[in-house]
Amino acid sequence: MTYLQQMTEKISTLRDKKRITILALETSCDETAAAVVRNGREVLSNIISSQIDTHRLYGGVVPEIASRKHVEVISQVVSHALEESNTSMEELDAVAVTYGPGLVGALLVGVSAAKAIAFGLSVPLIGVHHIEGHISANFIEYKELEPPFVCLIVSGGHTQIVHVKDYGEYELIGQTMDDAAGEAFDKVARVLGLGYPGGPAVDRIAKEGNPAAISFPRVHLREKPYDFSFSGLKTAVINYLHNLEQRGESYCLEDVAASFQQAVVDVLVEKTIDAALKLNQKRIVMAGGVAANSALKRQMEAEAEKRQIQLYYPTPVLCTDNAAMIACAGYYRLLQGEISPLSLNAVPYLPITQIQ
């Protein structure tokens, strides 16, 4: 009997259990994370080992360094997650892991570790889409939340609007055609000398500036009204600064940061609200690192309230890459009988529409 056949037989038994305990791993970029979660929404531990200080020296994530750092700490992070949750390996019912999208070398560290643990314990292995994990972070934050809803996923690598029809059932409504919003934040922060990561730095400085001081472009694509483009905005900020420099003129750092941020927020909010109205959805969910941006939360709350739409977004620790969200997504995959073979591989470019 093959591994998949054995695990398929186990699923019916697991469905009858009152408590399903999942160990999850997340290594898609520069956080090495492990978590133990019970029944999808009860977080027993959520350990994150960040590499920000290492990559700050280079102004961004260096893939080769990220992969090596994952290898160095993955065992300790898993041990810490089990210890903090007071869970032994033998108590685990399944292992979930991010298998894409992300940096291929980084993903391989988590996938390899998860496959080894699942095989050694003879428990189901569940490959989880990174974006599905971000969406699922809200299920942990809000126990009452259930699909359907519209979700804005906005981070350093992704900017998408997704119609979450049910657990594991998604329709991609719009996505960025070039830079992700978080990527634009990082690049503009670098030009402004604010360092890495750029999102929190710009958000902090922008609070002291005038968001209407400079008119930066808001891109709207006529044929694809829910798609995004932030490359032109990034270039507009750089050109604005260069033109002032060439003329020997100074600029207000706070005003530039605030005006840039406002241009990003306006487009994110407008398109997300419009998508929700078009789909007749009364709930909007935000996910990803940029979902922690104070201006985005404030404006989305105001616009959603005007239209009697409920808004949900996770606390900052669940906005960033973490393994608890992967465990949550994996739990609902497990209940649906969707498990992965031991041949599971990393898929660096994995569309949300091609999960499993």
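The values are calculated or read from the model by the stated rules, or taken from the named source; none is laboratory data. Small disclaimer: the values here were computed from a predicted structure and weren't measured. Heads up, the Cβs are rebuilt from the backbone with ideal geometry, glycines too, and the neighbour counts pull from every protein chain shown.
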* **Segments classed as strands (runs of 3 or more DSSP E), wholly inside the range 97-215, with at least 2 members that are free of Cβ contacts under 8 Å to residues at least 60 places away in the same chain and out of contact with any helix residue (DSSP H, G or I) (no Cβ under 8 Å at 6 or more places or on another chain)** => 159-166, 169-175
* Single condition CYS151 does not satisfy, out of (1) of a type outside the set (Gly, Ala, Ser); (2) in the same structural domain as MET7 (by TED's automatic domain parsing); (3) buried (at least 24 other Cβ atoms within 10 Å of the Cβ) -> (2)
* Asked: Filter the range 242-286 for residues that are among the hydrophobic types (A, V, I, L, M, F, W, C) and surrounded by fewer than 15 Cβ atoms within 10 Å (Cβ to Cβ); which is nearest to HIS134 (Cα to Cα)?
  -> LEU277
* Mind checking whether some residue in the range 188-205 is in contact with a strand residue (DSSP E or B) (Cβ under 9 Å, 6 or more places away or on another chain) and closer than 30 Å to PRO147 by Cα? -> no
* How many residues are exposed (fewer than 15 other Cβ atoms within 10 Å of the Cβ) and among the hydroxyl-bearing types (Ser, Thr, Tyr) if we restrict to the range 100-117? -> 0
* **Members of the range 277-291 found to be over 14 Å from ILE161 (Cβ atoms) and at pLDDT 95 or above, listed by number** => ASN280, LYS282
* Selection status of LEU125, over 17 Å from the mean Cα position of the chain (by Cα) and hydrophobic (A, V, I, L, M, F, W, C) -> yes
* Give the residues of the range 79-99 that are buried (at least 23 other Cβ atoms within 10 Å of the Cβ) and either more than 21 Å from SER343 (Cα to Cα) or in contact with a Pro (Cβ under 6 Å, 6 or more places away or on another chain) (or both), sorted by residue number. => ALA81, ALA94
* Structure fact -> Considering residues that are modelled with pLDDT of 95 or more, assigned to a strand (DSSP E or B) and of a type in the set (S, T, N, Q), the number found within the range 1-54 is 5
* Can you pull out the residues in the range 29-57 that are more than 17 Å from the chain's Cα centre (by Cα) and free of Cβ contacts under 8 Å to residues at least 60 places away in the same chain? -> ARG38, GLU42, LEU44, SER45, ASP53, THR54, LEU57
* What is the number of the single condition among (1) surrounded by fewer than 23 Cβ atoms within 10 Å (Cβ to Cβ); (2) outside any loop (DSSP other than H, G, I, E, B); (3) aliphatic (A, V, I, L, M) that ALA66 does not meet? -> (1)
